[in-house]
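Notes follow once the structure below has been shown.
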Amino acid sequence: MKKFGLLLVALLLALASGGCAAKDTSGYIDYNGVQIPNEDIENMRHLYTYNDALFTPSEEQLLESLAWLQVQYDEAERLGLMPSKAEAEKSYQEQVIKPVMQELAKDDPGAHESALYYLMLLQEQGEQLGLSHDEYCDFLVRQWQQIMGMTALHQYVLSQTGHTPGELSDDVYSDYVEQLLAQAAQGGEA
């Protein structure tokens, strides 16, 4: 279960791929035509500091990674594939919280300890981000919503190209995301 907790934290980091970044007064940074929320940049910095002291990406690497994610979120939203906050919250409760609570309820001391460890990791991460309990819950649901949107986009792209999940599908999807990044850098849709 500890591995599950660490995997989920890593997954959140992933929600956690050059160019110039220019500050925007509306709460976003424009990076090669991609609007990245300042809040996402700060949260990702904190998460790297908290979770991986051995690797801290450069500002360029951080913005590149966030742009890679943001174009997927934007495309999922544009195509109507991004779930609502309510759908994401329901899924998060079912897929993440419920299994942890089931582990806590077990008589097995190892399962109980693993669930407590996972909950401790979440609490520490929320504190590291400087968020209240409610703000952190909203943060987690937002991250889950984005993961769901990216997953739906991945499935959509594969269905449109006649591919199924497997060996070549990652290349097909990566090429699609690269095209989205190129379009953003050119100032819009090609």
For this session: Looking for whichever is of a type in the set (S, T, N, Q) and more than 13 Å from Q72 (Cβ to Cβ) here; the options are S174, S169. Which one fits?
Result: S169
Problem set entry | Unique match (being modelled with pLDDT under 90, surrounded by fewer than 16 Cβ atoms within 10 Å (Cβ to Cβ) and in contact with a helix residue (DSSP H, G or I) (Cβ under 8 Å, 6 or more places away or on another chain)) among H163, H112 | H112
Exercise. Looking only at helices (runs of 4 or more DSSP H) that fall completely inside the stretch 81-190, which ones have 1 or more residues that are under 24 Å from I41 (Cα atoms)?
Worked result: 85-92, 109-129, 133-161, 169-185
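The values are calculated or read from the model by the stated rules, or taken from the named source; none is laboratory data. Everything numeric in this text was worked out from a predicted model, so none of it was measured. Cβ atoms come from the backbone with ideal geometry, glycine included; neighbour counts cover every protein chain shown.
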